[in-house]
Each structure stands twice: as C-alpha cells, then as structure tokens.
Amino acid sequence: MNHTVLVTGGAGFVGSHTVVELLLAGHQVVVVDNCVNSAAPPANIAPLPSVNGGHDKDDTVPSVNGGHDKDDTVPFVNGGHDKGDTVPSVNGEHDKGSPALLTRRGVKHLPPSLARVHTITGKEVTAFYTVSLLDRPALSQIFVKHKVDVVIHFAALKAVGESVEMPLTYYVNNVTGTLTLLEVMSEAGVKKIVYSSSATVYGTPQYLPTDERHPTGQGVTNPYGHTKHFCEQIMKDLATADKEWQVVLLRYFNPVGAHESGMIGEDPRGPPNNLLPYIAQVAVGKREILSVYGDDYDTADGTDILSRYVALKQVYSTGVRDYIHVMDLAGGHVAALDKMFSEDFKGSVAYNLGTGRGVSVLEMVDAFTRKIPYKIVGRREGDVATMVACCALAELQLGWRATRDLNQMCADAWRWQSQNPDGYV
Ligand code: WQD
C-alpha cells in the first residue's frame, strides 16, 4: 500500500537517503526543506547528473519515462508540463504559489541531493518546497495542495557544539518549528508522524546496551539534546490527549556512510562535527589530521571488540559509539510507516535504531578504507564514554534490523567523499 508522505528536512543527509527508500517502496513523496543545512536548489536549470557522476550530454531533464524534455518546462509524471512558476494543486490545475512556494516541481528545481535521488531511483518526488517550518501560512498551503497521509519529520539543527553557543536558535528552530508543524497537521487532520529523534535523549547511559525503557531527559548535556527530548515529550502528550494521533519516535544512534552509488551522502557545512565525515575529509586531503578526543575513557567495558584489542596488546580507551549505516536507518523509517498503517498500532512508541555493536574511535580509524594521520587530544566537552543500542524492540515490532557492517559504512562513506570532495557543488 503506498501513501503520500510529507518529509520535512528531506534534502538533508538522513532525509535524502530515506526519500530513496520511500520512492523505491512506491510512496509519493513531498519534501519541505529550508535548505539551511543542505545545498539549495540551483538558480538556473542544472543538468541532471548521470549515475556515474557525470552530466547528461544535453541539459534537458530526462522525464520519468526516460525521454528528454525538449523545452525547458518541467515534465510532470503524468505527462503534463509546468508552464510557469506555479505549484500543481491536488486536482491538477495550476495556481499561483505564494512567494514561499515559488519552487517549481521537477528535477530542475530540486536541491542537488534530491536531483540525484531522482537519478538513483528513476522516480521523482511529487513536489519540493523551500519552506521553513516557522512559515505557518506556507506550510498550511502545502497541506491544502497535497493529501498528506503521514509526515516524517527530520527538519532540525543538529550540531551539539553549536547548540551550546546558540541555544535560542536551536529552541526556536527545533521546538517552535515542530510545534508549528504539529498545529498545521492537526488543522489538516493529519495525525500520523514519524519523528527523527536521537540517542542523545538518554544522556549519559545508566546501563548498556541501552533500551527504550532507559530514562530520557536526565543528564542531557546540550540544548540540541534537550530539543530532541522536549519534542518527544510534546508528541507523547499529544498522542495521550488525542487518541487519533499515531507517533513513532526513532532514536538514531550514530548515522554514517552513504548510498552505495556515491551520489548522495553527508555534506556538512564547514569542518565536520562528527567522526566519520572528518576521517573521510582527512583521507581525501581536505583536512590535515584527525583529532581524537581523549583516550582515557573507561571504555574497556568488556565488549567483544575491546577484548580483542586487549588480546592484541592494544587497549583502546577512546569513545565507543553504535554507528549505523544511513541506508539501514532509511529502511527503519519505511518499516515504521508499514507499522503505522497496520491495524495494531495506536498512540506513541519509541524505537532505537542502531546495530547493538560498539566501535571505538581508533577502531573506526583502523577500519577506514584509507589510513589517515591522527593525534590524541583532550576530551570534548559533553561527550559520553560509550553509547550502544539495544534494538530488540525494533526487530520484534518493526521486523527491522541493521544489515550493513563497519566495512561497508567506511567504504560507502569513502566513495561519496572521494567522488564529491567538495560535497554538493
Ligand atoms: C563520535 C565519537 C567523539 C569527532 C552526535 C550527536 C548525535 C548525532 C550524532 C545528530 C566520540 C569522537 C568525533 C572528531 C573524535 N547527531 N570524535 N574526533 O557525539 O556520538 O553524536 O552526532 O543526529 O545526536 O550527539 O558523534 O561523531 O561527533 O563522535 O574523536 O573529530 O568520535 O569524541 O567519541 P556523537 P560524533
């Protein structure tokens, strides 16, 4: 059964990879993204990159059926053409969009990540809107134009360190943005949401591996983590008050890697905050050296990985995390949608999306496709020693588990980075 899925933040890292899986699963996808953290749609008509990363011989846009659009209008999936800056309404007429909705349908006006999703899947998103969730009129208009069945909500600022420096920006963007979205959904009668949450809500774990019964909100060390916890609580309260709401909270551990094509991937602005993209940028020569934040953690926690290193007379005591391939994460969202539309789901429920395996920083360095220089420096403020997921509930109730291993995470991250040294240009 396919549905119309509105994806907020769908131009971003996890969002764009999830759009691939949604399209391949047969869903119709509408994307809303303010592109503050992802490359925006090109001002002019951009040729569609071919699968090998090159460009089409001409600069027309191949339509869904593989032909080429002879003029510079945008082919609709149903063969119609977009004659101007209008936004297709639900019943196919054209009406003038508001300034916020000037984005026209079709690959020419998609951000690079979604234009490449089109190349990867051979399918188009139904529409893309460069809209902030804080723009309530524009957001409401989108729900008028499209009969949305469910929302997957990725849109958020997510840099831990930045959130400490700019808490108000994070609370307005992440919490007020979510509240506006929920109000607009309520008014439109759309009461199914999958929320992109984070293992950060667990704070410093009291036990490992960490399952969904672990307390949340305690020991959270930064405004970013607080926004994730507050948004979870808002949606839980909503589902308690109004039994029509269905809420799935997906708590990601550490998303890494890229689609196997190398065409889409993680494209951080400025120096990467996270480990694997930083390693990849050192490997491609964009960064000089990796700083390993502390090697004095008590991470000899008996996991099989560390016992192996002890055997090799190398006790790694760097931070341990549960890294999960972004395509496995994307598959978790499709599984959550399937669950949501099954009869037996009501209310709100949280699932951990990880692998259940802890990997230390130096193990990641060892596993990476290219050897890189690194130096040990002091600990990073707010870091915990170990975060590892218990994912038994997602396996039991969603029929989902991660399948890609550390080597594939590293190989796919390297392919994306080496084919796109400057990200989406
Ligand atoms: C992993 C390990 C660092 C960079 C955060 C957010 C989480 C999610 C993922 C959004 C730690 C070490 C890192 C570097 C290093 N964000 N490290 N040198 O902090 O576990 O999680 O990002 O979805 O919500 O909390 O991920 O990749 O930053 O760090 O040594 O240059 O790598 O100390 O042990 P983290 P990370």
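The values are calculated or read from the model by the stated rules, or taken from the named source; none is laboratory data. What you are looking at is a predicted structure, and each value in this text was computed from that prediction instead of being measured. Here the Cβ is made from the backbone with ideal geometry for all residues, glycine too, and neighbour counts use every protein chain on show.
A compact table of results
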{"quantity": "Residue that is out of contact with any helix residue (DSSP H, G or I) (no Cβ under 6 Å at 6 or more places or on another chain), of a type in the set (Ser, Thr, Tyr) and either surrounded by 18 or more Cβ atoms within 10 Å (Cβ to Cβ) or touching a residue at least 24 places away in the same chain (Cβ under 8 Å) (or both), where the choices are THR176, THR200, THR180, THR210", "calculated": "THR176"}
{"quantity": "Output for segment 277-292, where each listed residue is near the ligand (Cβ under 9 Å from one of its atoms) and closer than 12 Å to ASN420 by Cβ", "calculated": "PRO277"}
{"quantity": "All positions within segment 326-339 that are under 11 Å from the mean Cα position of the chain (by Cα) and either within 15 Å of the ligand (Cβ to nearest atom) or over 17 Å from SER261 (Cβ atoms) (or both)", "calculated": "VAL326, LEU329, ALA330, HIS333"}
{"quantity": "Checking ILE264 against (1) more than 16 Å from the ligand (Cβ to nearest atom); (2) under 30 Å from LYS346 (Cα atoms), the condition it does not meet", "calculated": "(2)"}
{"quantity": "Test for GLU183: is it among the acidic types (Asp, Glu), over 22 Å from TYR351 (Cβ atoms) and within 14 Å of the ligand (Cβ to nearest atom)", "calculated": "no"}
{"quantity": "First in segment 361-386 and of a type in the set (Asp, Glu), second anywhere and modelled with pLDDT of 90 or more and more than 9 Å from the ligand (Cβ to nearest atom), Cβ under 9 Å, 6 or more apart", "calculated": "GLU363/LEU406; GLU381/VAL164"}
{"quantity": "GLY203 being more than 12 Å from the ligand (Cβ to nearest atom) and not aromatic (Phe, Trp, Tyr)", "calculated": "no"}
{"quantity": "Residue satisfying condition, being of a type outside the set (D, E, K, R) and within 21 Å of GLY12 (Cα to Cα), within set VAL184, VAL125", "calculated": "VAL125"}
{"quantity": "Filter result (within 16 Å of the ligand (Cβ to nearest atom), among the hydroxyl-bearing types (Ser, Thr, Tyr) and at pLDDT below 95) within segment 123-180", "calculated": "SER163"}
{"quantity": "Identity of the residue in segment 401-413, touching a helix residue (DSSP H, G or I) at 6+ places or on another chain (Cβ under 6 Å) and buried (at least 22 other Cβ atoms within 10 Å of the Cβ), that ends up farthest from GLU288 (Cα to Cα)", "calculated": "ALA402"}
{"quantity": "Some residue of segment 241-257 being closer than 20 Å to GLY382 by Cα, away from the ligand (no atom under 13 Å from the Cβ), in contact (Cβ under 8 Å) with a residue 40 or more places away in the chain and not charged (D, E, K, R)", "calculated": "no"}
{"quantity": "In segment 163-189, the residues that are among the aliphatic types (A, V, I, L, M) and touching a Phe, Trp or Tyr at 6+ places or on another chain (Cβ under 7 Å)", "calculated": "VAL175, VAL184, ALA188"}
{"quantity": "Scope segment 107-147; condition touching a His at 6+ places or on another chain (Cβ under 9 Å) and closer than 18 Å to VAL334 by Cα; matching residues", "calculated": "VAL117, ILE120, GLU124, VAL125, THR126"}
{"quantity": "Single condition PRO62 does not satisfy, out of (1) at pLDDT 55 or above; (2) touching a helix residue (DSSP H, G or I) at 6+ places or on another chain (Cβ under 9 Å)", "calculated": "(1)"}
{"quantity": "Scope segment 347-402; condition within 13 Å of the ligand (Cβ to nearest atom), under 28 Å from GLN233 (Cβ atoms) and among the β-branched types (Val, Ile, Thr); matching residues", "calculated": "VAL384, THR386, VAL388"}
{"quantity": "Residue satisfying all of: in segment 368-386; surrounded by 15 or more Cβ atoms within 10 Å (Cβ to Cβ) and modelled with pLDDT of 95 or more; farthest from HIS229 (Cα to Cα) among these", "calculated": "ILE372"}
